[in-house]
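For reference, the structure discussed in these notes is given below.
The values are calculated or read from the model by the stated rules, or taken from the named source; none is laboratory data. What you see is a predicted model, and the numbers here were worked out from it, not measured in a lab. Please note: Cβ atoms are built from the backbone with ideal geometry, for glycine as well, and neighbour counts cover all protein chains shown. Note: areas computed on protein heavy atoms with side chains; ligands, DNA, RNA excluded. Shrake-Rupley method; radii C 1.70, N 1.55, O 1.52, S 1.80 Å.
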Amino acid sequence: MKRTEIKKLNVEYEKFAGKQIKVCGWARTVRDSKMIAFVELNDGAFKGTQVVLEKEKISNFDYVIKLTTGSSLEVIGEVVLTPQAKQPYEINASQVNILGKCDTDYPLQKKGHSLEFLREHHYLRPRTNTFNAVFRIRSVAAYAIHKFFQERDFVYCHTPIITASDCEGAGAMFQVTTLDLNRFADSGKVEYDKDFFGRKVFMTVSGQIDEEPMTHAFGNTYTFGPTFRAENSNTSRHAAEFWMMEPEMCFTDLAGLMENEEEMIKFVISYVMEHCKDEIEFLNKFVDKDLISRLTNVVSNDFVKLSYTEAIDILTKVKDKFEYPVYWGVDLQSEHERYLTEVVYKKPVFLYNYPKDIKAFYMRLNEDGKTVAAVDLLVPGIGELIGGSQREERYDLLTSRMKELGLNLEDYENYINLRRYGTNVHSGYGLGFERLIMYLTGITNIRDVEYCPRTVGGIN
Ligand code: 4AD
Ligand code: MG
C-alpha cells in the first residue's frame, strides 16, 4: 500500500473516510490506558495526526505503548471521522510496524525546551513545532521571492562566491586559500603567486559588483544566495554566513527602487501569510503575540519615506535617550534606527540620501555634493532589513570617488567599463534573508532562523 502524507490527509480526510490507508511518521506523544492508546504521529507536516490503537486489534500493543517520543512508525488503519472531537478525524489502526525505536537519551523527549537549549541540538530542532514553522516559512518565503521576480521577468543570476574584489569597499572578508598557513607562521611572507588562483581571494560579501554586467544585458536581474562577512559583530542580527537577495534594475532611479522594495516585501508577507496559515498562527500564539497584527499592518499601509537629514532633525530633538550621540554625518546606530521605526512611526521606514562618507563608493552622488542616493529600509524589531542605492553611472565621478577612497581601479575594471559601454541610470538593493525571516516569524535571534548558524566564535 502506498503511503499517504499526513498533510494531504489533514486537508482531504473526508475523501478518505472509511478507507484503509498507510501513514508513516515519528511519534510526538504516546498516551495509553490498559486497553487503548493514542499516538500523535507527525511526518513533517505542521499538524500531525491522531492514531488510535485498540489492544484487541493490535498484536504488538504492549510493545508499542512502551515506545517513546521520536520513534518512527508505519501505521495501517481506517480513517474515521470524529465530528464531535477536537480533531475532525482519526486513524483507527489495524497494524503498527516499528521502523526505528528512539533511544531514551533523545534530547527532545519532553516538549517546551528553551530556544537556547535547542540551539545546542541544532540538528534536531527542526523536529519541534517552533522550528518546523520557522523553516517551512523560510522555504515558502524563498519561493515567494523567486515568484515575485520571475513574474516580473527578472533574470536570476548566480554570481560567484569566490571573488577578488571587496564589494562594499571596506567589509571584513574571509580569505580563501590552499596555502599551508603553518609554513608562513615563522617566515611571515606569504607567496600569493603560489596560491590556488595565483592571487589573494576572498569569499563574497555581496554579489552586486559581479551582477551588474548581467543587469546591463538583461535589464533586470536578481541574485539569491549565500554571503559571508567576517565582521566581529556578536549580535542577535549578524551572522558570518547568511543569504542575501540582490535585485538590480537598469533605467531605474531611487524612487523606482523604493517602489520595487515595498511591493516585494508586501508580496512576500502576503504569500507567506496565505500559504503558512497554521505556522503563522502558532508563532503568533507562542513566540510573538503581535505577529499577525504587525504583518497585516505592513501589508495594508504605505511605508514611510524619510531623508537622512529629516531623521537627524527628529533624533536630535530627543534628549537623553540615546547612548550614542546624534549629529549630521553620523552613521546611525541601531538604537536610532529602532527609535524611528518603533517609537516615531511604528512601521517600516525608508531612510534615504545619506552622507556620502558613511556609504559605499558605488552610490550615486546627489546634486548637493554631500549626500548619496542611498536608501535603507528599516523595520520595527529588526532595524536594517534592506540596503540599496541608485548606482553612480557617471564614469568620471565613479573613478574619482574610488581613487579618493584608495581603491585599486584595476580590481574593478569590468564594473567601471560598464560606465563606458552604454551607461544608464540604474539601482539595486540587498535584502538580508535571515532578517526577513526574523520579521516574518517574530524570532528575535538570527541563530534561530538558520539551520546551521555560523556566527563569530563558534560553528556546529
Ligand atoms: O547593507 P548591505 O551591506 O548592502 C550590500 O551588501 C549591498 N551590496 C546590497 C546591494 O545594494 N546589492 O547588506 C544588505 C543587507 C542588510 O540590509 C542586512 O539586512 C543584511 O544584508 N546583512 C546581514 N544579515 C545578517 N548578518 C550580517 N552580518 C549582515 N550584514 C548585512
Ligand atoms: Mg547596509
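Yes/no per residue for (1) farther than 29 Å from residue 411 by Cβ; (2) in a strand (DSSP E or B); (3) touching a helix residue (DSSP H, G or I) at 6+ places or on another chain (Cβ under 7 Å); (4) touching a residue at least 40 places away in the same chain (Cβ under 8 Å):
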{"residue": "340", "(1), (2), (3), (4)": "yes, no, yes, no"}
{"residue": "344", "(1), (2), (3), (4)": "yes, no, yes, no"}
{"residue": "347", "(1), (2), (3), (4)": "yes, no, yes, yes"}
{"residue": "351", "(1), (2), (3), (4)": "yes, yes, yes, yes"}
{"residue": "354", "(1), (2), (3), (4)": "no, yes, yes, yes"}
{"residue": "357", "(1), (2), (3), (4)": "no, no, no, no"}
{"residue": "360", "(1), (2), (3), (4)": "no, no, no, yes"}
{"residue": "378", "(1), (2), (3), (4)": "yes, yes, yes, yes"}
{"residue": "384", "(1), (2), (3), (4)": "no, yes, yes, yes"}
Which of the residues that make up segment 87-112 are modelled with pLDDT of 90 or more and assigned to a loop (DSSP other than H, G, I, E, B)? 87, 88, 101, 102, 103, 104, 105, 106, 107, 108
Of the conditions (1) free of Cβ contacts under 8 Å to residues at least 60 places away in the same chain; (2) on the phi > 0 side of the Ramachandran plot; (3) not hydrophobic (A, V, I, L, M, F, W, C), the single one that residue 69 does not satisfy is (2)
Out of everything in segment 290-312 that is among the acidic types (Asp, Glu) and over 21 Å from the mean Cα position of the chain (by Cα), what residue ends up being nearest to residue 374 (Cα to Cα)? 310
So which residues in segment 386-400 are free of Cβ contacts under 8 Å to residues at least 60 places away in the same chain and within 13 Å of ligand 1 (Cβ to nearest atom), if there are any at all? 387, 392
Testing residue 280 on (1) open to solvent by less than 40 Å² (accessible area, probe 1.4 Å); (2) under 30 Å from residue 111 (Cα atoms); (3) not in a helix (DSSP H, G or I), one condition comes back false. Which one is that? (3)
Which of the numbered conditions does residue 391 fail, given that it passes all the others? Conditions: (1) open to solvent by less than 50 Å² (accessible area, probe 1.4 Å); (2) within 27 Å of residue 446 (Cα to Cα). (2)
Complete set of residues in segment 116-144 that are open to solvent by 40 Å² or more (accessible area, probe 1.4 Å), in a helix (DSSP H, G or I) and more than 16 Å from residue 438 (Cβ to Cβ): 116, 117, 126, 127, 129, 143
Result of the Cβ filter at 6 Å on segment 1-29, keeping first residues that are in contact (Cβ under 8 Å) with a residue 24 or more places away in the chain and in a loop (DSSP other than H, G, I, E, B) and partners that are open to solvent by 30 Å² or more (accessible area, probe 1.4 Å) and not basic (Lys, Arg), at least 6 apart or interchain, is 17/81
Residue check, residue 422 closer than 23 Å to residue 247 by Cα and more than 13 Å from ligand 1 (Cβ to nearest atom): yes
Could you list all residues from segment 12-34 that are within 14 Å of residue 88 (Cα to Cα) and modelled with pLDDT under 95? none
Restricting attention to segment 404-412, does a residue exist that is farther than 15 Å from residue 254 by Cβ, in contact (Cβ under 8 Å) with a residue 60 or more places away in the chain, open to solvent by less than 50 Å² (accessible area, probe 1.4 Å) and in a loop (DSSP other than H, G, I, E, B)? yes
Residues in segment 320-329: is at least one touching a residue at least 60 places away in the same chain (Cβ under 8 Å) and not acidic (Asp, Glu)? no
Among the residues of segment 444-457, is there at least one that is polar (S, T, N, Q), touching a residue at least 40 places away in the same chain (Cβ under 8 Å), out of contact with any Gly (no Cβ under 6 Å at 6 or more places or on another chain) and crowded, with 23+ Cβ neighbours inside 10 Å? no
Please verify whether segment 35-55 includes one or more residues that are farther than 14 Å from residue 93 by Cα, surrounded by fewer than 20 Cβ atoms within 10 Å (Cβ to Cβ) and free of Cβ contacts under 8 Å to residues at least 24 places away in the same chain. no
For segment 392-400, indicate whether the set of residues that are within 14 Å of residue 362 (Cβ to Cβ), under 31 Å from the mean Cα position of the chain (by Cα) and of a type in the set (Ser, Thr, Tyr) is non-empty. no
If I filter segment 425-432 for residues that are more than 20 Å from residue 224 (Cα to Cα) and either more than 9 Å from ligand 1 (Cβ to nearest atom) or at pLDDT below 95 (or both), do I get at least one hit? yes
Kindly indicate whether any position in segment 147-160 is open to solvent by 40 Å² or more (accessible area, probe 1.4 Å), out of contact with any Cys (no Cβ under 8 Å at 6 or more places or on another chain) and under 30 Å from residue 287 (Cα atoms). yes
Find the residue count for segment 349-361, including only residues that are touching an Asp or Glu at 6+ places or on another chain (Cβ under 6 Å) and open to solvent by less than 40 Å² (accessible area, probe 1.4 Å). 2
Scanning segment 364-376 for residues that are touching a residue at least 24 places away in the same chain (Cβ under 8 Å), surrounded by fewer than 24 Cβ atoms within 10 Å (Cβ to Cβ) and either in a loop (DSSP other than H, G, I, E, B) or within 14 Å of ligand 2 (Cβ to nearest atom) (or both) gives 364, 376
